[in-house]
Amino acid sequence: MKKVLYLIFSLLLVTSMMLAGCTDIDDKNLTHTTTVTTTTYQTTTVFNETVTATKTLIVFPPTTVTYKKGDSVTRWGTEIILNTDLPEFPDTLNYYATVEPEVTIELVEELGAKLGFYGEAGLLSDSIGMSNNDETLNVYTSTGAIVLWEINKHFELDAQLTSFENAKEIAIEFVKYIGCWDDNIEFNEIRVGGTVNTTPSHLVASFNQYIDGYPLVGGAKNFWVRMGMYGTVISAMIWNPELEYAGEVDCITVQEAYNILLSGNALEFMVSSESQILINEVSIGYYLEDMTELQDYIMPVYVFEGERVYPDSDGEVFRCYVLATK
């Protein structure tokens, strides 16, 4: 809750700066004229509801400043520290066209039957769904993304093992069981998804997908399985879009990308006053925009990762993206 309050406070602070006509801020002895922008940067689905997040920032024109490890810049009341060297990346990268999936009532009912759903599937506004009381299955017609809630499907591989010990195997076999496994998928990690009186109550297995050795990234990326203590699959979000090679694109340098980040034009970039951002790693990924609506192309991005540090509370993961194409 404290972090949410920090975020709300930061947005109010940005608004007050806008009203005050704040236009010039120095960075490395350079003065820039700033503008104000409100941008929709992420649309995702939470508990079957579409949630759209926006950011309102004072945006700086990108500069040609060269940054190195240890450099610090203050933006929007937030100190941003480059805690790593900016590596060299290829001058060109591939990009990919998406393939529209075949999602029909018959296919959804076939999947539902595997998971214990009965009756007929129904066409919703952007998906085809089935439900047994609290248990729900939705498959988005545009993307083929699968969302399962409260299915409580028993999927134990060995009754003598708890899902703490074999959660990885259970999750992989479940994904294969519903026909969603592919060669580009790799297991990522197991984490505790919830606790009861400090005791873990369920686990979440997450997966990564790769193109040309680079991962699919973005807030819309969803590929995970949630399990109870003894192998019961509780819920899952599974989306692995089918892609076709579309060509090569020329790329900006990572220095140019970092300047764009500092200008406020990165994807999924949120700032909070009274916090500090540490950029610890820079990599390449392919950005997914929206799990519910198919994008035409999957483009490469620079991924800036690290930690957001608050003065009197625990830190949190920081991650944002800059389009790598010129």
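Read-outs: derived from the displayed coordinates by stated rules, not from any lab. Quantities reported herein were computed from a predicted structural model and do not represent experimental measurements. Here the Cβ positions follow ideal geometry from the backbone for every residue, glycine too, while neighbour counts run over all protein chains shown.
Remarks
- Difference of contour (0.36 nm per residue) and Cα-Cα distance, Lys68 to Glu173: 33.3 nm
- In sequence order, the stretch 137-143 has phi-based couplings of 10, 10, 10, 6, 5, 7, 10 Hz under the Karplus curve 6.51 cos²θ - 1.76 cosθ + 1.60, θ = phi - 60°, and Gly or Pro positions carry x.
- Take the Cα of Glu186, step 7 Å toward its Cβ, do the same at Thr162, and the gap between the two points is 3.0 nm.
- Checking the cross-link pairs Lys68/Lys221; Lys69/Lys221; Lys221/Lys326 against a 27 Å limit on the alpha carbon distance flags Lys68/Lys221; Lys69/Lys221 as lying beyond it.
- Loop-located chymotrypsin sites (Phe, Trp or Tyr not before Pro) in the stretch 105-140 whose Cβ has at most 16 other Cβ within 10 Å (DSSP): Tyr118
- Built amide H within the under 5 Å cut-off of Ile252, gap 5+: Thr325, Lys326
- Only aspartates and glutamates eight or more places from Lys176 in sequence, or on another chain, were considered; those with a Cα closer than 20 Å are Glu102, Glu106, Glu109, Glu110, Glu150, Glu156, Asp158, Glu165, Glu186, Glu189, Glu242.
- From least to most packed, judged by other beta carbons within 10 angstrom and beginning with the fewest, Val317, Val103, Val192 follow the order Val317, Val192, Val103.
- Paired Rg and Dmax values of the stretch 144-236, which use every Cα atom, in angstrom: 13.3, 44
- Remark: His154, His202 ranked as His154, His202, counting other beta-carbon atoms within 10 Å and listing the fewest first.
- Cβ-based exposure ranking for Val249, Val303, in which fewest neighbours within 10 Å come first: Val249, Val303
- Net charge of Cβ neighbours under 12 Å - reference Leu93; Lys, Arg +1; Asp, Glu -1: -3
- Full-stretch length increase - Asn83, Leu123 - with 0.36 nm per residue and alpha-carbon distance subtracted: 9.5 nm
- Span from the the stretch 223-239 Cα centroid across to the the stretch 243-304 one, whole angstrom: 28 Å
- Fully extended contour minus Cα-Cα distance, from Glu248 to Val196, at 0.36 nm per residue: 13.7 nm
- Between Glu281 and Asp312, the distance separating the two model label sites (each 7 Å from Cα on the Cα→Cβ line) works out to 3.2 nm.
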